[in-house]
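**Q** For reference, the structure I am asking about is given below.
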Amino acid sequence: MHRGFTRWDALMISFAGTGGGVWSVALQIAYVEGSVPGADLVLSLIIGLIVSLPFAVVYGWLASAIPRSGGDYVWSSRLLNPTFGFMFGWAAWACLEISLGGNTVLWGATALPNTLSSFGYWSGNTSLVDLAASLSQTTSVVIAGLVLLVVCAVLAIQSRKRLSRIFAIFFALIFLGSVAFCVILASSSHADFVNALNGYGGTNLSYDSIISQAKTNGWSFTPIRWELTVASLPMAMLGLAGFTNCSLTSGEVRNPRSNMVPVIVGSLMMVFGVTALGCWLSVNVLGNEFLQAVAHVGSAWPLVAPPWMPIFVTMLTHNLLLLVLVQAGFLTFFLFWTTSLYIINTRYVFAFAFDRVFPASMAEVSDRFHGPVNATFFNFVAAAVLFVIAVYGTGGLSALLNGTTLTSIYTGAGCLVAIIIPYTSKKGLVAHLPGSHWRVPLISIVGFIAFVLIGPLTFYYAVTVPAIGPSTPLSDVILVGILIVGALVFAVRYYYLKLRGIDLGMVYKKIPPE
């Protein structure tokens, strides 16, 4: 590895992880309205931003002080404990890999049908609507998902310059899609939406029928309440998550001391800004009552396109260019996000292999592609298996409910590193940071604040809100099992190498080279 990534590249890796744009707005609305009706969408995001900012600063500081591929795994395994450090790193890798494999289902089941049917309903082309319906079938979902995983794996091993150009195109499409999305909503009223919804696509769809059907299903409107907004914190955290992703590649970023903090904090502010604006406009036009009701209509929803924001915005425009931009921005997220996940997941595998917990071949860098091809292939296989489980497994999707919980565990460990590092033999690494000579160094103070907010607080909400944390016996087993498997992998490898005269513990005495 070498320092080939520029500040722009690092920003793109983190911004891609957040899903900022049409996708983040659609996801935030779907999650919150479906899980905690009565929460204020924008205020929820503001609380999420307040909770996330100390964490962003801490990870920016640590990535600038210890710029290594593998990020928080390297920090926690060197400054906390090798076994626990690997367990946390393993949990982080597993969490992201589950997300990579599981959320790929949405590409075929939601994204492609949404876009094709949007154009079909908009133009009156029933063939496109029929094609969209066929794509949402299980076999088509599997084919589409595997194609996405293969394409993005190939993109992830491209040269730095080529990858930078690809990311620039993705970002431009998402940016333009977000602008078009906001322009359509800003130029529309609630009455415009009601009129556009009634009879849309030649169906019997109407505003009143959605409200009536939701009430038939047992729904009643929940007014916005403060305690419900606070309870939606895990969804806000999930909606903003991903801004620290470039810390996993900090060993490959130029001038990490000056670049990591602005990149990580900047990507957080970017996703917050676009998501908050999009949610505010969406609530103004569609209304909280409709958004709550449509989350409860279930199979009564008459359109092929799932009831997500991209189809609702499509109803409000007669401009083909705006429609194309919105749908292109929505689809591009999956390419952007999946490629970026491959990049950061391979850095975990690369770091594990460099420390000899994984076979050394996983840390090999291809002379042709200048990237870890073996590690990328390993991640593809793992993601493909998890994807198939998510499609066919009776309880496979419950694994996805561990995402916020696992994140609170391994990122909490990263915050612990920030608290203790000024009091260890590695304190010289953070001597350049602001407040490093205070009686209680600033990184320890901010690290403590971040630990409380990201660790115990987020963990509590994650395990007490069924929609976002472990809520079934299977998901509880998966959560504990991920951590136990990590400990077992480390133990087996430790004793395997010991029998061959290699002390794995000595590897963790030093911070690895860049």
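Nothing in this text is a laboratory measurement; each read-out follows from the coordinates by a stated rule. Since we're looking at a predicted model, the values are computed, not measured. Cβ: placed from backbone, ideal geometry, glycine included. Neighbour counts: every protein chain shown.
**Q** Which helices, counted as full DSSP H runs in the chain, have an axial Cα extent of no less than 24 Å and a Kyte-Doolittle average of -1.0 or above?
**A** Helix filter hits for the chain: 41-65, 82-103, 138-156, 160-186, 256-286, 320-354, 373-392, 403-420, 473-499.
**Q** What ranking do Val507, Val385 get, fewest neighbouring Cβ atoms within 10 angstrom at the top?
**A** By the 10 Å Cβ count, ascending: Val385, Val507.
**Q** A further question on this structure: Work out, in µm²/s and without decimals, the Stokes-Einstein translational diffusion coefficient of the stretch 139-188 at 37 °C, 0.692 mPa s, Rh from Kirkwood over C-alpha pairs.
**A** Estimated via Stokes-Einstein, D reaches 249 µm²/s.
**Q** Take the Cα of Ala133, step 7 Å along the line toward its Cβ, and report every residue of the stretch 272-305 whose backbone nitrogen sits under 19 Å from that point.
**A** Inside the label zone: 298-305.
**Q** Could you line up His296, His432, His318 from fewest to most neighbouring Cβ atoms inside 10 Å?
**A** His318, His432, His296
**Q** Here is a further query. Starting from the 7 Å offset along Cα-to-Cβ, what nm value, one decimal, do you get for the label separation of Ile511 and Ala186?
**A** Calculated label separation equals 4.4 nm.
**Q** Quick one: Trp107, Trp23, Trp122, Trp61, fewest Cβ neighbours within 10 Å first, how do they rank?
**A** Ordered by Cβ neighbours within 10 Å, fewest first: Trp122, Trp107, Trp61, Trp23.
**Q** Among Val373, Ser117, Gln327, whose Cα sits farthest toward the positive end of the charge dipole of the chain (+1 at Cβ of Lys/Arg, -1 at Cβ of Asp/Glu, about the Cα centre)?
**A** So the residue furthest toward the plus end is Val373.
**Q** If I model a spin label as a point 7 Å beyond the Cα along the Cα-Cβ vector, how far apart are those points for Ile143 and Ala168 in nm?
**A** Between Ile143 and Ala168, the simple spin-label model gives 3.6 nm.
**Q** Now for a separate question. Any chance you could list the semi-axes, whole Å, largest first, of the equivalent ellipsoid that the Cα gyration tensor gives for the stretch 254-371, using √(5λ)?
**A** Output for the stretch 254-371: semi-axes of 40, 19, 16 Å.
**Q** What FRET efficiency would be calculated for the residue pair Arg254, Tyr460, taking the C-beta separation as r and a Förster radius of 51 Å, to the nearest 0.05?
**A** FRET efficiency, Arg254 to Tyr460: 0.85.
**Q** If the cut-off is 25 Å between C-alpha atoms, which lysines fall inside it for Lys509, apart from same-chain ones fewer than 8 positions away?
**A** Within the straight-line cut-off, Lys509 pairs with Lys426, Lys427, Lys498.
**Q** Please state the relative contact order of the stretch 7-507 as a whole percent: Cα pairs under 8 Å, 6+ residues apart?
**A** Contact order relative to length: 32 percent.
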